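Below: one structure, written as structure tokens.
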Amino acid sequence: MPTAIAVTSPDLVLPPHDRQIPPAVVQPLDTLESSLLGMHALIEQHGYVISLYPASVSGEVTQRLRTVRSVLESDRIALLGIDLPPLGVALLAQQLRQLSVCDFSPGVLASAARLLAHYIYAGALLGSVAKLDRVPVSLKSHAKSWVPGAQFAVLANPRPQLVRVGQEELAGPEFGTRLLAAAGQAPSDWVTETLAPAWRVQGVATVPLPEESTRWWGTGKLVEFAAGLYDVSVLYQLVSSVRREQCHWCGLELIGDRCGFCAAPLPPVSASAQPSPSPSSSPSSTRSTSASPSELPAATARAASSVRALPPGAT
């Protein structure tokens, strides 16, 4: 079975391009008990789980994910906070779902998330930037946002940019992409009729607006968009072209400079010959993965007793 890809809400699950793409799952669930049971079932079925969550998500969500991993005592759960707008996170999850059926190991797939995020162009068309605090906004732009009818095109990733619609253009990708558009309370054709041709995208799809988007962008009057690679052969070539290393903590394969599962950084070359520290002091155990007292009520104890703990390396 392919590595499971999880997201924090159903509206971050995009429709698959074809029937071969496995669906994403939602974690955490409504209660800690159901989250424990659901995550345990995923590990039993898929072996490994890569759980993506927006970096902007509430602390309650991230704490529950860490609690689930701590209670299950599993090193087969990767928790990846992604600093992208919600629709960008949904697109990244879809790309990982595409790659999960390829011959990549779970470690490579998890560490590929950071690589693929650099190639996602995520932004929004906004009627106001008065409450936008995740992208640098000048005082002049704040003042212009109060002008009736003013619209702003904002790019959050890969390089922040804010322009007044009709006066400047957003810097777009220099490679073939597919564009996703999600309209809020103030739908507009600018994204599909102006931005898409300017970026020379190879396809446009309209999807529902994620619930988190209104909070992320500071307004409900928006059209969020995200453009990224969509051909699985191109995605495969991009990831496979990067040199693979072995994590000195957990032993999984990785690309880049950090393991997606235990978060251990790739050691400097000069230190690679040094003996590895004891697994009992691995990064995943020293980071904030321990269970919070508020997250472990009596219901959790019952759930934990009904779920077999997973020792390191076991399924």
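Descriptive notes on the structure:
- Cα gyration tensor shape of the stretch 1-134, rounded if a/c is under 1.5, else prolate or oblate by comparing a/b with b/c: oblate
- Distance in nm between pseudo-label sites at Thr31 and Arg200 (7 Å out along the Cβ direction from Cα): 5.5
- In this structure the stretch 175-238 gives 47 Å² per residue of accessible area when probed at 1.4 Å with all protein chains present.
- Highest to lowest packing among 178-187, 219-228, scored as the average C-beta count within 10 Å: 219-228, 178-187
- Summarising the amide proton neighbourhood of Val165: residues at separation of 5 or more, or on other chains, whose placed amide H is nearer than 5 Å comprise Gln151, Phe152, Ala153.
- Sum of side-chain charges, Pro10 neighbourhood, beta-carbon under 13 Å (Lys, Arg +1; Asp, Glu -1): -4
- Between Ser58 and Asp133, the contour length at 0.36 nm per residue exceeds the Cα-Cα span by 25.4 nm.
- Highest mean packing comes first when the peptides 104-117, 236-249, 201-214 are listed by Cβ atoms within 10 Å, giving 104-117, 201-214, 236-249.
- Rolling a 1.4 Å probe across all protein chains gives Glu73 an accessible area of roughly 110 Å².
- Annotation: amide H-H contacts under 5 Å for Arg258 (H modelled 1.01 Å from N, sequence separation of 5 or more, or interchain): Leu266.
- Across every pair of non-identical alpha carbons in the stretch 156-273, the mean reciprocal distance, once inverted, gives a Kirkwood radius of 17.4 Å.
- Computed from the Cβ-Cβ distance with R0 of 41 Å, the FRET efficiency linking Arg244 to Gln167 stands at 0.35.
- Added length on full extension, which subtracts the Cα-Cα distance from 0.36 nm per residue, Gln237 to Asp257: 5.3 nm
- Across the stretch 124-130, coupling constants 3J(HN,Hα) worked out from phi with the 6.51/-1.76/1.60 Karplus curve, θ = phi - 60°, read 7, 9, 10, x, 7, 10, 4 Hz, and Gly and Pro carry x.
- Residues whose amide H lies under 5 Å from that of Val13, counting only those 5 or more places away or on a different chain, are absent; hydrogens are built 1.01 Å from N in the peptide plane.
The values are calculated or read from the model by the stated rules, or taken from the named source; none is laboratory data. Just so we're clear, the structure is a prediction, and the values are computed from it rather than from any experiment. Glycine gets a Cβ as well: all are built from the backbone with ideal geometry, and neighbour counts include every protein chain shown. With ligands, DNA and RNA removed, areas are computed over all heavy atoms of the protein, side chains included. Shrake-Rupley method; radii C 1.70, N 1.55, O 1.52, S 1.80 Å.
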